[in-house]
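Participant: Right, I'll just put the structure down here and ask away after.
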Amino acid sequence: MGPDDLSSLGVSEPQPAEHDYRVEQIDGTIPAGLRGTLYRNGPGRWEDHKGRPLRHLFDGDGMLSAFTIDAAGVHYRNRYVRTRHFGGRGGVSHMGTSAPGGWRANICRVPPNLANTNVVEHAGRLYALWEGGPPHEIDPDTLETMGVRRFGGELRWLGSYSAHPSFCPSSGAMFNFGVELMPRPHLRIYRTDRTGRLRHFRSAALPYAAMVHDFAITERYIVFLISPIIPDAMSVALGRAPIGDTLRYRPERGSVVLLVPRAGGKIRRIECEAVLQFHLSNAFDDGDDVVIDAITYADGRLLERIARFHTTSLADMPSQFTRFRVGATGRVGAEPLTDSPSEFPRHHPAREGRPHRYAYVNTRRTLGTLYDTVTKLDLADQTELSYPAPEPGNSFCEPVFAPRPGATAEDDGWLLTVEYRAAHKTSRLVILDAADPSRGPVATAQLASHIPQGFHGNFSARTS
Ligand SMILES: [Fe+2]
């Protein structure tokens, strides 16, 4: 790795402090129409309560950040989610680090709920999400943890509940799912209505015991693209290896597209060549076809990289933003959407499940380790507008789209992202004009400290 790559890894340093302050250094002018809060979530420290280092990217305690943008400027606060793990539960088998005590201490153990993957608002409540267990409800103003939520017992057993819910723009419903392995591998799909009432909606059999991280909706379907990311269940059950170290990409098992009709009826199952993906961007109905946009990888090296993220490069495993088209006859076509290695795709929330023209992604230009550019993709014109980091070693987190109030154009709004400034070991909120991010930030809010890279977040109109 080059010197810029090495300095960029500072974004993976833990952040033990919890802050709550008004940001003093604002550069540029915060748009008058931009009022609300950017919530972000991600691992804040890769160690357990005894200071034992944890190696897997997914293993850090969830740390929430909130940038509240109001007439007075920007207020920043961060808080760790008070999970059982954060509170000091010992003897834990993590994704990439076994519990001390050899195989006997690790038999049939599952990783702890770290609440570290996403933070979403629905029906006036804020939740920190982690796919292997139930949500933690969070106070949206203070970021204090209010407790684990199982929705009247609907989230049963492990309470698996993915970190990537989809929000129907017309009904206000939130769809989500959890992977359950007993009595046989299946997806348990949930629908939460606009008042916050969660109900089991449907279950769908999986072709194998796979890690399923994300899904999408269209106006007709709930859409899954199952990747053969398969753990060695026997090794995990016998305590021989932590589950994250046993995950393998098994392309010989193929992939399956599951189209679950939202109005009821038979589930369509379409087998196709293996696809390795964690994130779907969006999906929509196009006549009888279903279009699915996803970030794909050519091979399983990604799984090794995230298991040892402190010391490895992403440069030799570029990702491909890919559009899949599933025909009425079951034919699945694929075409690239950009040549730039991409991740963390976002779009206008009102286009969820509908045809969309613009996608906003992180791309990689010079860094081999992290994403150093924010890119707007025009999927109609196949053009791109990018804002590369202005300093070497800097990196961005996922660009979240915040619409301008009253706007009608799909790209009328702002992109909110957090930039890690490697030379300063600090982070800043970056506000870009979504219509043309290449013009550079409209405004930035410089923090006194850094935020570890993190995974996902969302924008809320809430300001208090
Ligand atoms: Fe994700």
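The values are calculated or read from the model by the stated rules, or taken from the named source; none is laboratory data. Please read all numbers here as calculations on a predicted model, not as lab measurements. As a convention, Cβ positions derive from the backbone with ideal geometry for all residues, glycine included, and neighbour counts pool all protein chains shown. For accessibility, only protein heavy atoms count, side chains too; no ligands or nucleic acids. Shrake-Rupley method; radii C 1.70, N 1.55, O 1.52, S 1.80 Å.
Participant: Which is farthest toward the positive dipole end of the chain among Val11, Leu302, Ala359, measuring Cα position about the Cα centre, with Cβ charges +1 (Lys, Arg) and -1 (Asp, Glu)?
Facilitator: Leu302
Participant: Rounded to the nearest 10 Å², what accessible area does Val179 show when all protein chains are kept and the probe is 1.4 Å?
Facilitator: The accessible area comes out at roughly 30 Å².
Participant: Moving on. Return the loop-located GluC sites (Glu not before Pro) in region 95-186 (DSSP other than H, G, I, E, B) with at most 13 other Cβ atoms within 10 Å of their own Cβ; answer none if there are none.
Facilitator: Hits after loop and neighbour filter: Glu144.
Participant: With n ≥ 4 as the cut-off for DSSP H runs, can you work out [θ] at 222 nm for the chain, using -39500 (n - 2.57) per run divided by the number of residues, rounded to the nearest 500?
Facilitator: -1000 deg cm²/dmol, from helical runs alone.
Participant: Give the long-range amide H neighbours of Thr426: residues separated by 5 or more places, or on another chain, with amide H under 5 Å away, using H modelled in the peptide plane at 1.01 Å from N.
Facilitator: Under 5 Å from the amide H of Thr426: Arg421.
Participant: Could you pull the accessible area for Cys272 with a 1.4 Å probe, rounded to 10 Å²?
Facilitator: 30
Participant: Please list, or write none, the aspartates and glutamates whose alpha carbon is within less than 15 Å of the alpha carbon of Lys50, excluding same-chain residues fewer than 8 places away.
Facilitator: Within the straight-line cut-off, Lys50 pairs with Asp59, Asp61.
Participant: So, one more: What shape does region 317-374 take by its C-alpha gyration tensor, where a ≥ b ≥ c are the square roots of the eigenvalues and a/c under 1.5 counts as rounded, a/b above b/c as prolate, and the rest as oblate?
Facilitator: Taking the square roots of the gyration eigenvalues as a ≥ b ≥ c, region 317-374 is oblate.
Participant: Counting pairs of alpha carbon atoms under 8 Å apart in space and at least six apart in sequence, what relative contact order in percent does region 112-186 give?
Facilitator: 22
Participant: Over the chain, what is the relative contact order in whole percent, taking alpha-carbon pairs under 8 Å and six or more residues apart?
Facilitator: Across the chain, relative contact order equals 16 percent.
Participant: Still on this structure, please answer the following. Please return the longest stretch of the chain lacking exposed loop sites, where trypsin sites (Lys or Arg not before Pro) count only if DSSP places them in a loop and at most 10 other Cβ atoms lie within 10 Å.
Facilitator: That gives 51-265 as the longest site-free run.
Participant: Grab the other residues whose beta carbon is less than 13 angstrom from that of Glu144, score K and R as +1, D and E as -1, and report the net.
Facilitator: -2
Participant: Around Gly178, under 14 Å between beta carbons, what's the net of Lys plus Arg minus Asp minus Glu among the other residues?
Facilitator: My count for the surroundings of Gly178 gives +3.
Participant: Over the chain, with the other protein chains present, what is the accessible area per residue in square angstrom, probe 1.4 angstrom?
Facilitator: I get 39 Å² per residue for the chain.
Participant: Right, another one. Give me the distance between the Cα centres of region 297-320 and region 79-140, rounded to whole Å.
Facilitator: Cα centroid to Cα centroid, the span is 24 Å.
Participant: Continuing with the same structure: Which ³J(HN,Hα) values, rounded to whole Hz and listed in residue order, are derived for region 334-343 from phi using the Karplus coefficients 6.51, -1.76 and 1.60 in 6.51 cos²θ - 1.76 cosθ + 1.60 with θ = phi - 60°, glycine and proline given as x?
Facilitator: Using θ = phi - 60°, the values come out as 9, 9, x, 9, 7, 8, 7, x, 10, 7 Hz.
Participant: Here is a follow-up. Could you tell me which residue out of Ile30, Ser438, Ser166 lies farthest along the dipole of the chain toward its positive end? Charges go on the beta carbon: Lys and Arg +1, Asp and Glu -1, centred on the Cα centre.
Facilitator: Ser166
Participant: Heavy atoms only, 1.4 Å probe, whole protein assembly: order Ile30, Ile138 by accessible area, highest first.
Facilitator: Output order, biggest surface exposure first: Ile30, Ile138.
Participant: How many angstrom lie between the Cα centre of region 396-441 and the Cα centre of region 252-278?
Facilitator: With region 396-441 and region 252-278 each reduced to a Cα centre, they are spaced 34 Å.
Participant: Taking the Cα centre of the chain as origin, work out the dipole magnitude from +1 charges on Lys and Arg Cβ and -1 charges on Asp and Glu Cβ, in debye rounded to 20.
Facilitator: Roughly 1820 debye, rounded to the nearest 20.
Participant: I want the antiparallel fraction of DSSP beta bridges within region 3-460, as a percent rounded to 5.
Facilitator: For region 3-460, the DSSP antiparallel bridge percentage is about 100.
Participant: With a ≥ b ≥ c taken as the square roots of the eigenvalues of the C-alpha gyration tensor of the chain, please select rounded if a/c is under 1.5 and otherwise prolate if a/b is larger than b/c or oblate if it is not?
Facilitator: rounded
Participant: Same structure, new question: Please compute the contact order of region 1-105 in relative form: average sequence separation of alpha-carbon pairs under 8 Å and at least six residues apart, divided by the residue count, as a percent.
Facilitator: 27
Participant: Roll a 1.4 angstrom probe over the protein heavy atoms and tell me the percent of accessible area of region 3-460 that is carbon or sulfur.
Facilitator: Here it works out to 51 percent.
Participant: Give me the net charge of Leu385's neighbourhood, meaning all other residues with Cβ under 12 Å from the Cβ of Leu385; Lys, Arg count +1, Asp, Glu -1.
Facilitator: Charge balance near Leu385 sits at -4.
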